[in-house]
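Notes follow the structure.
The values are calculated or read from the model by the stated rules, or taken from the named source; none is laboratory data. Predicted model only: the values in this text are computed from it and were never measured. Using ideal geometry, Cβ is built from the backbone for each residue, glycine included, and neighbour counts are taken over all protein chains shown. Each accessible area value is taken on the protein alone, full model and side chains, heavy atoms only, with ligands, DNA and RNA left out. Shrake-Rupley method; radii C 1.70, N 1.55, O 1.52, S 1.80 Å.
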Amino acid sequence: MDDLIQSRLVLSAFALVALRSLYSLMRHIRVSRRRQELLSIACQKAAEREAIRRRGIPQPVSQELQRKVLRMNVTELLAALDQGTLTSVDIMRVYCHRASTIGANLDLVAEENYDEALKAAEEADAARARAKKTGEKLGMLHGIPISLKDQIDQRGFDSTCGLAVRCFKPAKDDGLLAQLLRKQGAIFFVRSNVPQCLLLPESMNAIWGTAKNPFDPARTPGGSSGGEAGLIASGCSPLGVGTDIGGSIRIPAHLCGIYGFKPTPTRITSKGIAIPRPREVGGNESIRSTAGPMGRSVDDLWLMLSSLIVPEVAKADPHTAYIPLQEAEFKSTKKLRIGYYVDDGFFTPAPSCIRAVHQAVNALEAAGHEVVKFDLPRGFHAATIYYALMSADGRMRGLVDALEGESLHSTYDALYRISRVPELLRKPLAALLHVLGEKRSSALFTIGGAKSAYEFWQYVSERTLYQREFLSAWTDARLDALIAPGLGLPAWPHSMAKELTPACSYTFLYNLLHYPAGTVPVTTVRADETVYSDTFNDRYTKLAAKVLEGAVGLPVGVQVVSLPFHDEVALRVMKDLEKHISFVNPLLKA
């Protein structure tokens, strides 16, 4: 009897093992099939774009017309349109041709809309001719080509956010943001590349490929609005729309030598901006994303903001705080008291990034402002709060859910590894890293796991307390605005973002604080600025040193920051820097 029971127990154990193995095998097969299915969808979407391209690249334009158009920003193009020295068709032909050649070769482009855009440009010219006779008022962006990040809902196009599962699901109508721009006469002609799920300072995915920096194709244009910045920097678009939750406008602007602005959250509508989650809702309101303009001049940024911050927003989106732009504040010549700092204590900037701050300080002093050193309160602490809040779901579950079975892109590897460390091992590993001299890695290991609701509340409280601490320091210093490094480094080689997100602590800070902040291009890396060192001397130090190898000529910028809902002050200071520094993009010298 005992032998029979024992035999049955053994058989039962074998059966359980066999069933578990069978379940694992079936699950593996399902996962593999789903991944192949989504990869196939991504390939089909890319093939659809290639088929459209094979129908013909927009006709070449003369070098003379290209030079004429490219030397003008949007504000100047509008003046030329009014004067009759250019037509919308002229401008559109130049940008469609460049986007379809240069932009396509650099993989900056997601979807294209050239034929429809050229027809719209003809209609815009006809409307302008009629308006001259009738006195009809035209929109602020009438007849101007505008590029959109592959996240902005546009009638007839997918907002893939770099995800295969979102392909072949075109928007039935423009989202509110696109509606507002179209109402002002903007013509959408191209959509720009992004990273998978929009959460990396690079732009690469299985659909559109790897976006390349026009200053050096071996390096990234940044992310998540990297395709947008690359298009503008390379003269493939005059003006575009990005979004920013950790620097996604300002990082690419810094890496590509253009202007970008992150407004105060809620000042720009978020309706019509896709969220890369299954239900189009992120769930984490502790750090808020916002859309913003990216362009070649501060006046162009102002023009787009003026098109988006309009009275009808209050009715169409009650969650947007409609506060009219104060043009008098933007154009003021009043002397300001402006602070600056060069190191946040979390990531020592490269020599060129430090020099850019000092160059900006000198320019502002020359413009008549009072510029004082600002003691940034606990920058290391602020960076860890940002990481803690953004990783609160644990194991990157929100992002993995968004994939709906697609393989996670390899650029997320480092962050994913940290998120998956078992909680029992997290503190011992963090302690070991600290002993080994990896202070920053230790901090990220400590805060990189899942949080309970209570723990999340505690970090939100830490954020709020830090916001108060920062505001107190700002008030004590009697500042109107602040200058900060644009980033810790110039553009890095492809795939290094997975290890170098700490270099983005300079942009993370103003998402944590919910302050408006913009990027201004200042200079390029010199031959004597390719050696990196810091007091940490850890793995990030070594990676930063690798980035600076061969970095001569890459653009770097600074950030300009103001208090919430005082966006106009930041833009005014950005305009002063633009005027007194006069950064020239060598890619557009033609």
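For this structure, a couple of remarks:
- Taking the listed residues Thr523, Thr519, the one that is open to solvent by 10 Å² or more (accessible area, probe 1.4 Å) and closer than 24 Å to Asp216 by Cβ is Thr523, with no other qualifying.
- Test: residue in the stretch 514-524 that is of a type in the set (A, V, I, L, M) and either under 29 Å from Asn284 (Cβ atoms) or in contact with a Pro (Cβ under 6 Å, 6 or more places away or on another chain) (or both): yes
- Being modelled with pLDDT of 95 or more and not in a loop (DSSP other than H, G, I, E, B) is a property that does not hold for Val194.
- Number of positions in the stretch 425-453 that are open to solvent by 80 Å² or more (accessible area, probe 1.4 Å) and farther than 23 Å from Leu509 by Cα: 6
- Single condition Lys68 does not satisfy, out of (1) in contact with a Lys or Arg (Cβ under 6 Å, 6 or more places away or on another chain); (2) of a type outside the set (A, V, I, L, M, F, W, C); (3) more than 30 Å from Thr160 (Cβ to Cβ): (1)
- Screening Asp173, Asp158 for residues that are within 25 Å of Ile57 (Cα to Cα) and either out of contact with any helix residue (DSSP H, G or I) (no Cβ under 9 Å at 6 or more places or on another chain) or surrounded by fewer than 24 Cβ atoms within 10 Å (Cβ to Cβ) (or both) leaves exactly one candidate, Asp158.
- Test: residue in the stretch 548-568 that is in a helix (DSSP H, G or I), among the aliphatic types (A, V, I, L, M) and farther than 22 Å from Val525 by Cα: no
- Within the stretch 542-552, the set of residues being surrounded by fewer than 18 Cβ atoms within 10 Å (Cβ to Cβ) and closer than 21 Å to Ser505 by Cα comprises Lys542, Leu543, Ala545, Lys546.
- Just so you know, in the stretch 121-142 the residues that are within 28 Å of the chain's Cα centre (by Cα) and among the aliphatic types (A, V, I, L, M) include one that is most open to solvent (accessible area, probe 1.4 Å), and it is Met140.
- Scanning the stretch 408-427 for residues that are β-branched (Val, Ile, Thr), part of a helix (DSSP H, G or I) and more than 20 Å from the chain's Cα centre (by Cα) gives a single hit, Ile418.
- Listed by position, the helices (runs of 4 or more DSSP H) contained in the stretch 289-401 that have at least 3 residues being open to solvent by less than 10 Å² (accessible area, probe 1.4 Å) and in contact (Cβ under 8 Å) with a residue 12 or more places away in the chain are 298-308, 351-366, 379-390.
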